[in-house]
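Data block below; observations after.
The values are calculated or read from the model by the stated rules, or taken from the named source; none is laboratory data. These numbers come from a predicted model, not from an experiment. Cβ sites come from the backbone with ideal geometry, for glycine too, and all protein chains shown count toward neighbours. Just so you know, the surface numbers come from the protein's heavy atoms only, side chains and all, with ligands and any DNA or RNA stripped out. Shrake-Rupley method; radii C 1.70, N 1.55, O 1.52, S 1.80 Å.
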Amino acid sequence: PPAETAAPTIPSATQAPKQGGTVTLTLGGTVDMDDAVRKAGYYSDSQKYDFTEMLSLLRSEMTGDITFLTLENLIQPEVKVSALNAPDAAAELLRTTGVNLVAIGFPKVYDKGADGVRTTLEALHDRNLLTIGAYNTQEEANAICIRTLDNVPVAFLHYTEALSGTGKKAMKSSGASYAVPLANAETISADIRRAREQGAAVVVSLNWGTSGTSKPTNAQRKLAQAIADAGADVIVGAGTRVVQPVTWLTHKNADGTAAQTLCAWSLGSLLNESRKDGNVAGMLLQLQISWDGQNISFGQVSYTPTYIWRQKVDGAYQYRVVASDQSAPNGMSEEQQGYMAKALRTIQNALADSPITIRIK
């Protein structure tokens, strides 16, 4: 019989590389390890700080390809702790909660000069946390933070509206004007263009506004529109400690077609010691962004309302942040459940006219 021969190989068509995909983002407000919060995490028996339980009840909510928030503290392990200087354990709190990107630009970030920025970055980088908003060198400041997930490159930019008087003097004396990018339309627009040239969707974070206010100022509105016109896809604000509305800003693409930018004026406070109604109620903004190789679209724009629960245990306060629309956790008193319900109403009222829905569990 004739010998068997192998079937001829038919060359397959070369597959084009996949264009685009989908990325999920969870964006939170500010964490401030101020005096009462810091003291609640100190254990006298071990003489150490441990804050990991403070956000532990939010771990199931802090999901996404990128989980982001703003830290309004410095971390200087060799310096006495204070309302400004948090223990090194604050960085561990963020890591164990699922955070992977941290903005550290805030008005007092340069109050301790370059050393304060350097040690804070070291503490966060040691936990493999990405950082934006303050930098050690001009080279670091020039680099655009871009993360590519499921073929979707996303750029993250952060700016601070104004530094404290102490921070301004320290920056001037050090000659490090690059260290903390300040919020002005020209700088932000130039950075957005550079990110766009690398094919990235753009998220712009700002520490801005007036503390305790429920609406953005006219100056904020003007700046946000300039950022949208420059091509940002998402704008998120922090710094007011109070949740403000979410809106769409309309602008035009370079080709003249209409486009929209999602603007969350302020995500409020995720953790702090204040017991004011607006300060104990925060939100996590949860987004699903798709890219087809040319255009960005939003598959999900939702939020999780949060409440800073404080209770006294063995004569000392402890803090736990919870999702305020869920069942009360074990140990929460009826009085605290009432406060949690009030915090939920505060967020719902703040977002009543916003194009955003509460997330579905």
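Listed here are the strands (runs of 3 or more DSSP E) enclosed by region 144-237 that have at least 1 residues being in contact with a helix residue (DSSP H, G or I) (Cβ under 7 Å, 6 or more places away or on another chain) and open to solvent by less than 10 Å² (accessible area, probe 1.4 Å): 152-160, 201-207.
The C-beta contact set for region 318-334 (first residue over 18 Å from Arg275 (Cβ atoms) and in contact (Cβ under 8 Å) with a residue 24 or more places away in the chain, second residue open to solvent by 20 Å² or more (accessible area, probe 1.4 Å) and in a loop (DSSP other than H, G, I, E, B), distance under 8 angstrom, 6+ apart or interchain) comprises Gln326/Lys361. In region 280-315, of all residues being crowded, with 24+ Cβ neighbours inside 10 Å and of a type in the set (Gly, Ala, Ser), the one that is farthest from Leu262 (Cα to Cα) corresponds to Ala281. The residues listed here are Val301, Val313, Val322; of these, the one that is within 26 Å of Tyr42 (Cβ to Cβ) and within 20 Å of the chain's Cα centre (by Cα) is Val322.
When the residues of region 6-33 are narrowed to those that are assigned to a loop (DSSP other than H, G, I, E, B) and among the aliphatic types (A, V, I, L, M), which ends up modelled with the highest pLDDT? Checking each candidate, the answer is Met33.
This table checks each residue for (1) touching a His at 6+ places or on another chain (Cβ under 6 Å); (2) β-branched (Val, Ile, Thr); (3) closer than 25 Å to Leu121 by Cβ.
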| position | (1), (2), (3) |
| --- | --- |
| Leu223 | no, no, no |
| Ala230 | no, no, no |
| Val236 | no, yes, yes |
| Val246 | no, yes, no |
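Assess whether Ser60 counts as being open to solvent by 30 Å² or more (accessible area, probe 1.4 Å) and more than 30 Å from Arg359 (Cα to Cα). It is false that Ser60 is open to solvent by 30 Å² or more (accessible area, probe 1.4 Å) and more than 30 Å from Arg359 (Cα to Cα). For region 302-321: of the residues being of a type in the set (Gly, Ala, Ser) and at pLDDT below 95, which is farthest from Leu94 (Cα to Cα)? Top of the filtered list is Gly315. Within the option set Gly105, Gly167, being in contact with a His (Cβ under 7 Å, 6 or more places away or on another chain) and of a type in the set (Gly, Ala, Ser) holds for one residue only, Gly105.
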